[in-house]
Amino acid sequence: MRILLLISSLLLTTGSIWIVAKQGISLSSLGPLLFFGGCSLVFIFEKRWDTWIEKFKQKKIESANCKIHEEGFYFPKGYYFRQGFMKNQNNLPFHKIKEIRINTLPISAVTHEKEVIFLQGMKREEVEKTAFAKQLKIVEPVDIWSLICDDFLDTEPDEEERKKIISLLEEQGISKTELGQIRKRIKFRMLLRTYFSWEWIYYGQFDVLHELWPMNKKKYAWTMDIALRNG
């Protein structure tokens, strides 16, 4: 996928240069040239870009990390997504948690009101220890969003793997038709994310939520409905 994106970017850059040369300098002709030229530069300066992105991501992640308090999981700077239960508060009380999903990235807590809250920054051993102490249920259900987003990673799954994913999703209540509709809705944004990050290991609901900007209650609830089909 990476090679195809690079070739496409270079071809589009060349085409944009030709348009500028033929039509002259204008906003309509310079726009595509600057965009696709910039995308091509990302590939050329791959290592420097990756280093900068990692530093930026790490700083952003650390600033949003949650902590464990006596009564719940606490988000010092507030929860990143403010469309649900955490809209006007920083604390997720333990008594509000139905289960802990240890196999999502980040680890997540599902509330009794059917909402997934991501415990960003929490390590597995910390969460498991807390869950045991507070008698919280730990589960590892099929990660529906991970299977849906598998198609957007910087890898190329074979036909057998694709069939397996479709079968697993159908078992969770996601038909092949609905799968196509969901992927179509998020395809552009997720592929653009991959274009810059070259992520090849994992995408999940957390990543989809980040890409569905500007976020609203309807989009937020839509991702929750899909994530909790097996709950």
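Place a point 7 Å from Cα of H95 in the direction of its Cβ. Which residues in the range 111-135 have their backbone N less than 20 Å from it?
111-115, 117, 130-135
Express the relative contact order of the range 83-124 as a whole percentage, based on alpha carbon pairs under 8 Å and six or more residues apart in sequence.
For the range 83-124, the relative contact order is 28 percent.
Which order do S108, S167 take when ranked by solvent-accessible area (1.4 Å probe, heavy atoms of all protein chains), largest first? Before the final figure, lay out each step's value.
On the way: S108 0, S167 50 Å².
Output order, biggest surface exposure first: S167, S108.
Mind listing the phi-derived Karplus ³J(HN,Hα) values for the range 156-169, rounded to whole Hz, using 6.51, -1.76 and 1.60 with θ = phi - 60°, and x for any glycine or proline?
10, x, 7, 4, 5, 5, 4, 5, 5, 5, 4, 5, 5, 5
Which whole-Hz couplings ³J(HN,Hα) result when phi for each residue of the range 103-120 is put into the Karplus expression 6.51 cos²θ - 1.76 cosθ + 1.60, θ = phi - 60°, listed in order with x for Gly and Pro?
Listing the rounded values in order: 9, 9, 10, x, 4, 10, 10, 9, 7, 5, 8, 6, 9, 9, 10, 8, 8, 4 Hz.
Could you report the range 137-196's accessible area per residue, 1.4 Å probe, as an integer in Å²? Write down the numbers at each step before the final one.
On the way: 3440 Å² over 60 residues.
Accessible surface, normalised per residue, equals 57 Å².
Carbon-plus-sulfur fraction of the accessible area of the range 105-200, 1.4 Å probe, in percent? Write down the numbers at each step before the final one.
On the way: 2850 of 5530 Å².
That fraction is 52 percent.
Using a cut-off of 20 Å between alpha-carbon atoms, which aspartates and glutamates can reach K163, once sequence neighbours fewer than 8 places away in the same chain are excluded?
Filter leaves D143, D150, D151, D154, E171, E178.
Using +1 on the beta carbon of Lys and Arg, -1 on that of Asp and Glu, and nothing else charged, what's the dipole of the range 76-127 about the Cα centre, debye to 20?
Numbers: 9 positive and 5 negative charges, 29 e Å.
Dipole magnitude for the range 76-127 comes out near 140 debye.
If you put +1 on each Lys and Arg Cβ and -1 on each Asp and Glu Cβ, how big is the dipole of the range 155-202 around its Cα centre, in Debye rounded to 20?
Numbers: 10 positive and 9 negative charges, 83 e Å.
Magnitude of the dipole: close to 400 debye.
Hey, which of these cross-link pairs are over 31 Å Cα-Cα: K176/K217; K87/K137; K77/K217; K134/K184; K129/K176? Don't jump to the answer; show the numbers that get you there.
Values: K176/K217 26 Å; K87/K137 24 Å; K77/K217 21 Å; K134/K184 41 Å; K129/K176 39 Å.
The answer is K134/K184; K129/K176.
Compute the length gained on full extension between K137 and I201: take 0.36 nm times their separation in residues and subtract their Cα-Cα distance, giving the result in nm to one decimal. Intermediate values should be presented prior to the final figure.
Values: separation 64, 0.36 × 64 = 23.04 nm, distance 2.69 nm.
Residue separation times 0.36 nm, minus the Cα-Cα distance, leaves 20.3 nm.
For the range 119-231, with only Lys/Arg (+1) and Asp/Glu (-1) charged at the beta-carbon, what is the dipole magnitude about the Cα centre, in debye rounded to 20? Please report the intermediate quantities before stating the final value.
On the way: 19 positive and 20 negative charges, 146 e Å.
It works out to roughly 700 debye.
Compute the length gained on full extension between S175 and N216: take 0.36 nm times their separation in residues and subtract their Cα-Cα distance, giving the result in nm to one decimal. Walk me through the numbers before you get to the answer.
Working: separation 41, 0.36 × 41 = 14.76 nm, distance 2.55 nm.
Extending this stretch completely gives an extra 12.2 nm.
When only Cα pairs under 8 Å and 6 or more residues apart are kept, what is the percent relative contact order across the range 135-231?
Details: 67 pairs, mean separation 41.2, N = 97.
Reported relative contact order: 42 percent.
The values are calculated or read from the model by the stated rules, or taken from the named source; none is laboratory data. Just so it is clear, the structure is predicted and the values come from calculations on it, not from any experiment. Positions of Cβ are backbone-derived with ideal geometry, glycine not excepted, and every protein chain shown enters the neighbour counts. Accessible surface is based on the protein model in full, side chains and every heavy atom, while ligands, DNA and RNA are left aside. Shrake-Rupley method; radii C 1.70, N 1.55, O 1.52, S 1.80 Å.
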